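J.: Handing you a structure now.
Read the figures in this text as sums done on the coordinates, not as results from a lab. From a predicted model like this one, the values you see are computed outputs, not experimental measurements. Positions of Cβ are generated from backbone atoms using ideal geometry, with glycine treated the same way; all protein chains shown enter the neighbour counts.
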Amino acid sequence: MINENEVKAELKKFLVETLGIEENALTDDVILFGDGEIGLGSIDALEIIAFADSEYGVSMVGIARENFATVNAITAFIVANYAKDEEKKEE
Amino acid sequence: MNDKVRRCVVTGMGLICALGGNVEECFSNAVKGISGISRTESVDTKGCYADLSAEVRESFFGDDGEDCEKDRAVRLALKAVKEAIKDSGHKFEKINPGVSVVTGSCVGGVRSGERYFIQLKENPGYRFSKEEVRKLIGEMPIAVTGRHIAEICKAGGAVSCIANACAAGTIAIIEACNLIKEGKADITVVCGTDAFASVPYAGFLALHALDEKGCSPFNRSGGITLGEGAGALIIESAEYAEKRKAKVYCEVAGSGISSDAFDITAPAPDGEGQIAAMKNAINEAGTDVSQIGYVNAHGTGTAKNDTVEMLSLCRFFGGNNENVSVSSTKSMTGHCLGAAGAIEAVLSIKALNENVVLPTIGFTEEEKVKLIGKAGKTDFPTNVGKRKKLEYVMSNSFAFGGNNASIIFGKKGKSIEEKKSEKTKTVITGIGTVLPDGNGKEKYVEICKSYNGAKKENDTGANCGYGEKHSSVAAEDYTEYGLKTSFYRKLDEIGKFQVISGLEALKDAGKEINGNNAERAGIVVGTSEGAMGTGSEFQKNIIEKGNACGSAFKFPNTVYNAAGGHFSICSGIKGYNVTVSSGPKSGLESVIYAVTAIRRGKADFVVASGADEGGVFLKEFYREMGFTVDKRNGSYGEKRGFVFSDGCVSMVIEKETDAENRGKRAYCAVLGGGFGNHSVGTWETEESVKGLETAVKNALTDAGVTNNDIDAIAGFACGDKIVDGQEWKAYREIFGERMKKLPVLCVKERTGEGRAATAALACAHAAMCLAGEIKYDDCAFTADENGKAKRITVNTDGMKHILVTAYSPGGSYCAVVLGKKEG
């Protein structure tokens, strides 16, 4: 199992340091993509996919858009799918 | 010769790419539809989803002697250039001010950089010898190729490098023609070159933009396949070619450049920018759309490019020309980045001469049927070339940063008689600065007032501490211009500098970009090292973690024209957009390019900038090269080295009549500019005085003034005795005893060596002196009784003409003359 808060903290650190998002604007439920304040695009999505894969071994390729919507959504996806991977390993 | 419109003809060509080692071989294979794409050998593809590329085989180089030791991009360039020179019949035996060099490149010497970083990774703390440093990181900047070429063709005119990523090769040809049309060159040696390397490979891989099956433009459109190579052209004035009875391949009939102002990587979906570039080219050529027989498309093979390009081609030609044939030769050569435009120009010109249209390859019978469904009546020849009578051909290149370029080559020229034309008068109406001591023009003027260099007789500036200061932009700078975090978070340092200083210059000029003027507004960014800082960070990361781990976020900023692209996006400027990267002088060169663009009718007003960032790697680069010191040496002294600095200075240059019509007071007039070169080794400056003398002479002639009219010089002294010594020697040669009274203003005394930023600052500083905004300058020098430099304080009142000069290592210089505007 992994700690949800730790994943969230790591994800936020990544979003601030790698994608240049302002720390103050990065709340757990702010909309990340689209025309809003954060305004992430397709290149940023590629970086988030690479982050999830390299840090947690979780593949986010081809999944539904809503899983990228907010910090909470990405964290939830990583935690849920990391757990699944752990189960697979145990099996 | 300066007041005439001159026609440009191609008299020599050279080519090396995955299809072969010379023009005939490459063209013959392209007609047959042979692919140069195969499994990658020179770059590690472990763990990467795509492993195909179009590499140049070693056998294609033949016996190229010492050139095989050089950086791969340089080696490719020299192979193509030597073929082109031989083909043209030129001998180039002695230095000729009528010969200029214009290169185009995207990633330049990244292969040399790779060797440097690998050595450091494998041997931490390794101390490179001076020779190793020059061979490795010394070959990294994309400007270096031009210096090598200038040596072999004995160029005495401009040595300029275009850095517009994948459109660089095409824009290099366009700018070479501008030099000829402006009377600044008789002959230009043009070369687009790029080597296949891990940086672009890992970058496009990270963007998921490589096609694992090999690119298939206008067909499967699953991504690009990278290639490498060089295309070279000898372009000269028709008059010059005729006089020497040269073989002429074609005329460069017309060209167009535009910006999408949309996105840094993706083309604007409506194709308007691409259409604007083609339309401008047709207008300049004076041809009709119906006369274009063949289009060598950009045709990268990505879904986004192919969809938009198909749309723009069908919209542009549909209904106007049902005979046009379109193909992408990248299906055979791979995408050769900055070399692509030059390679495709050579292939297009051969097609024109041989009356053959080249194919896009890789189509099955089923796919051919689908293509007809997409392309409608427009002919897209597939798999093999076919015969077709051609009069005009077009070659298009579209690049990151939203840069579009289109060029037309024609068999038939217009009237051989050269027409006289009036030079459009230009003025500077806006200035913006981002400098180590603070941002904004007002702040700079304040610093000039407070500096007291002249009061300390023996001041060496040792305690000024510039080495510790760096330019920066903060959230409040963005807020002032209403920029959103979502935009500026994407910018690297040079992009941030460019955006803020450019927007300030527009504001200062009172220019608002809107639907009426966006397409007539232009951008020229001059930069010495451009994106080398971001590029090296990207490179170090993939060397550490592997080519499968490139950063998709960082990659777009590894191209030198990213700063200009970001600026076009936030300002809305949709016209002429050129990034020039020819060393520190690029900052002043941007002013000459801007004036040329206005004179040539390519823009009504242009934001001309000099921009260079600092950062860890670039500091390391200059230190390793042995150029920098921590504490500033006084100008024209006896010590070596300068203090490394950074920043960006932008100027709005517009037609004098436009400024008058809108009641805008100009800082000054830009009367003319000129180039000069005296090759002395790629990173040397000693013994290059003649280059500066030529540049000054050409600038004075272009401006229509004599050296007696010059009241001051805004020079380039940086505190290094070699650089400063060459400068002082040239002024004494040109101005003689007048140097006792003629002040040389040294802006780098206040800012350090900011490279392109301070070259542009010298121009902006002179403009502010002529406008009366800087009344006293205490960083000035005149000659003493013995002809040596003596520090003085000068009153700028009454100055009518100021000469501005700039240098680059290798012996290349440029100069501009500014004139006071009365009233």
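J.: Rounded to the nearest 20 Debye, what is the dipole magnitude of chain A about its Cα centre when Lys and Arg each give +1 and Asp and Glu each give -1 at the C-beta?
T.: Roughly 160 debye, rounded to the nearest 20.
J.: Right, something else. About its Cα centre, how strong a charge dipole does region B:536-662 have in debye, to the nearest 20, once Lys and Arg get +1 and Asp and Glu get -1 at the Cβ?
T.: The calculated dipole for region B:536-662 is roughly 180 debye.
J.: Something else: Pick out, from B:T558, B:G510, B:G522, the residue whose Cα sits farthest towards the positive end of the charge dipole of region B:508-562, with +1 on the Cβ of Lys and Arg and -1 on the Cβ of Asp and Glu.
T.: B:T558
J.: Would you mind calculating the gained length between B:N283 and B:V5 on full extension (0.36 nm times residue separation, minus the Cα-Cα distance), in nm to one decimal?
T.: Working: separation 278, 0.36 × 278 = 100.08 nm, distance 1.55 nm.
Between B:N283 and B:V5, full extension yields an extra 98.5 nm.
J.: For A:32-45, what's the mean count of beta carbons from other chains sitting within 10 Å of each residue's beta carbon? Can you show the working numbers first?
T.: On the way: counts 0, 0, 1, 2, 2, 3, 4, 6, 3, 6, 7, 14, 4, 1.
Mean shielding count: 4.
J.: Can you compute the FRET efficiency between B:N323 and B:R57 using 1/(1 + (r/R0)^6), with r the Cβ-Cβ distance and R0 = 41 Å? Round to the nearest 0.05.
T.: It comes to 0.65.
J.: Sort B:483-489, B:679-685, B:471-477 by packing, meaning the average of other beta carbons within 10 Å per residue, with the highest value first. Can you show the working numbers first?
T.: Working: B:483-489: 17.9, B:679-685: 20.3, B:471-477: 16.3.
Descending mean neighbour count gives B:679-685, B:483-489, B:471-477.
J.: Counting other beta carbons within 10 Å of each Cβ, put B:F675, B:F262, B:F316 in order, fewest first.
T.: Details: B:F675 29, B:F262 18, B:F316 25.
Ranking B:F675, B:F262, B:F316 by Cβ neighbours within 10 Å, fewest first, gives B:F262, B:F316, B:F675.
J.: Starting from the alpha-carbon convex hull of region B:674-724, give the projected area averaged over all orientations, in nm².
T.: Numbers: hull surface 16.0 nm².
Over every viewing direction, the Cα hull of region B:674-724 projects on average to 4.0 nm².
J.: Here is a follow-up. Provide the three semi-axes, in whole Å and in decreasing order, of the ellipsoid equivalent to region B:469-523 as defined by the square roots of 5 times the Cα gyration tensor eigenvalues.
T.: For region B:469-523, the semi-axes come out at 22, 13, 11 Å.
J.: Taking the protein assembly as shown as the region of interest, what is the percent of Cα-Cα pairs per 20 angstrom bin, listed from the shortest bin to the one with the maximum distance?
T.: Using 20 Å bins, I get a P(r) of 16, 49, 31, 5, 0 for the protein assembly as shown.
J.: What is the spread of the Cα atoms of region B:8-412 along each of their three principal axes, largest first, in whole Å?
T.: Here the Cα extents, ordered largest to smallest, are 64, 57, 39 Å.
J.: Here's another thing I want to ask about it. Evaluate the distance, in nm, between pseudo-label points positioned 7 Å from the Cα of A:R65 and of B:N786 along their respective Cα→Cβ axes.
T.: 7.6
J.: As a test, work out the antiparallel percent of DSSP beta bridges whose residues both lie in region B:8-412, rounded to the nearest 5.
T.: The answer is about 65 percent antiparallel.
J.: Taking 0.36 nm per residue of sequence separation and subtracting the Cα-Cα distance, how much length would be gained by fully extending the chain between B:N514 and B:K46, in nm to one decimal?
T.: 163.6 nm
J.: When Cβ neighbours within 10 Å are restricted to other protein chains, what is their mean count per residue of peptide A:46-53?
T.: Other-chain Cβ atoms within 10 Å of each residue's Cβ, averaged: 3.
J.: Ranked highest first by the average count of other Cβ atoms within 10 Å around their residues, in what order do B:598-611, B:745-758 fall? It would help to have the intermediate numbers written out before the result.
T.: Working: B:598-611: 27.3, B:745-758: 29.4.
My ranking of the peptides, most packed first, is B:745-758, B:598-611.
J.: Further question: What order do you get for B:723-734, B:295-306, A:19-30 when each peptide is scored by the mean count of other beta carbon atoms within 10 Å, highest first? Provide the component values of the computation, followed by the final result.
T.: Numbers: B:723-734: 22.1, B:295-306: 25.9, A:19-30: 14.4.
Ranked from most to least packed, the peptides come out as B:295-306, B:723-734, A:19-30.
J.: Mind checking the dipole of the protein assembly as shown: about its Cα centre, +1 per Lys or Arg Cβ, -1 per Asp or Glu Cβ, Debye to the nearest 20?
T.: 3000
J.: Mind checking B:543-553 for the average number of partner chain beta-carbons within 10 Å of each residue's beta-carbon? Walk me through the numbers on the way to the answer.
T.: Working: counts 0, 0, 1, 0, 0, 2, 2, 1, 6, 9, 9.
Mean shielding by partner chains, rounded to a whole number: 3.
J.: Right, here's the next one. Can you give the relative contact order of chain B as a percent, counting alpha carbon pairs under 8 Å and 6+ residues apart?
T.: It comes to 15 percent, rounded to a whole number.
J.: So what is the orientation-averaged projected area of region B:242-394, using the convex hull of its C-alpha atoms, in nm²?
T.: 9.8
J.: Beyond 26 Å, what share of the Cα-Cα pairs of region B:63-192 is found? Please give it as a whole percent.
T.: Of all Cα-Cα distances in region B:63-192, 26 percent exceed 26 Å.
J.: Moving to a separate point now. Between rounded, prolate and oblate, where does chain B land on the alpha carbon gyration tensor, with a ≥ b ≥ c its root eigenvalues, rounded for a/c under 1.5, else prolate if a/b exceeds b/c?
T.: Details: a/c = 1.62, a/b = 1.45, b/c = 1.11.
In terms of gyration-tensor shape, prolate.
J.: Right, another one. Taking Rh as the Kirkwood radius, which is the inverse of the mean 1/r over Cα pairs, what is the Rg/Rh value for region A:4-86? Intermediate results must be reported in sequence, preceding the final value.
T.: On the way: Rg = 11.7 Å, Rh = 12.7 Å.
That ratio is 0.92, to two decimals.
J.: When a/c reaches 1.5 or more, the comparison of a/b and b/c decides; with that in mind, is region B:479-632 rounded, prolate or oblate per its Cα gyration tensor?
T.: Values: a/c = 2.04, a/b = 1.50, b/c = 1.36.
The shape class here is prolate.
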